[in-house]
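What follows is one structure encoded as structure tokens, with my remarks underneath.
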Amino acid sequence: MDTLSYNAPGILFPAISLLMLAFTNRFLGLSSLTRQLLDKYRESEDPNIEAQVRNLVIRISHIRFSQTFGILSMTFCTASILFIAIWNIGAWICFGLSLFSMLTSLVFSLLEIRLSVRALELEIHAVFSWDSSR
């Protein structure tokens, strides 16, 4: 097996950092929207708002999983750099786990985006009587 160089895990650091920044911004936006909707719900107890908050809770949990796996990815990436000098197989294992964690993080992000689009389609459909499949 070839020796893992510092370049491979080093390339992941900026990518993981940018992903974490995007996930954090998404989380802050969702939490702000949730607070606003909860205030509206306290005033009117509208079932539509309740459904929106339920959707947001699921989306926030997906963002939480995305962030968790992003942090794991960064941890494994750091560990792979540490292992390069002392245990090459360990470095490859950690690098592989880092890639797997990053991929898992992206999958949860994709699921959250799909829920976001679906929620937006429902809102648009509630306001207009279009066929949203166009």
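The values are calculated or read from the model by the stated rules, or taken from the named source; none is laboratory data. Bear in mind that the values here come from a model prediction, so they are computed numbers and not experimental data. When we count neighbours, we look across all protein chains shown, and the Cβ atoms used for this are built from the backbone with ideal geometry, even at glycine. Quick note on the areas: whole protein, heavy atoms, side chains included, nothing else; ligands and nucleic acids left out. Shrake-Rupley method; radii C 1.70, N 1.55, O 1.52, S 1.80 Å.
Using a 1.4 angstrom probe with every protein chain in place, what is the largest-first accessible-area order of V107, V53? Show your work: numbers first, answer last.
Values: V107 75, V53 25 Å².
Solvent-accessible surface, decreasing: V107, V53.
Given contacts defined as C-alpha pairs under 8 Å and at least six residues apart, what's the relative contact order of the chain, whole-number percent?
Details: 113 pairs, mean separation 38.8, N = 134.
This gives 29 percent for the chain.
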One finds, for T78 and S129 with R0 = 35 angstrom and r their Cβ-Cβ distance, a FRET efficiency to the nearest 0.05 of 0.10
At a 1.4 Å probe radius, which order do F76, F128 fall into by accessible area, largest first? F128, F76
Can you match Cα extents along the principal axes in Å to one of these, [x] 62, 34, 18; [y] 91, 32, 24; [z] 36, 23, 19, based on a calculation from the structure here? [x]
Distance in Å, no decimals, from the C-alpha centre of the range 1-51 to the one of the range 63-129 is 11
Given a 1.4 angstrom probe, what's the average accessible area per residue across the chain, in square angstrom? 65
Would you calculate, for the chain, the mean residue ellipticity at 222 nm contributed by helices, counting each DSSP H stretch of 4 or more residues as -39,500 (n - 2.57) and dividing by all residues, to the nearest 500? -32000 deg cm²/dmol
What figure, in Å² to the nearest 10, do you get for the accessible area of Y6 with a 1.4 Å probe and non-protein molecules left out? 120
Nearest-10 value in Å² for the accessible area of D46, using the 1.4 Å probe: 60
Express in nm, to one decimal, how much length is gained between V107 and E43 on full extension, taking 0.36 nm for each residue of separation and deducting their alpha carbon distance. 19.4 nm
Please give the FRET efficiency for V53 paired with A22, using the beta carbon to beta carbon distance and R0 = 22 Å, rounded to the nearest 0.05. 0.45
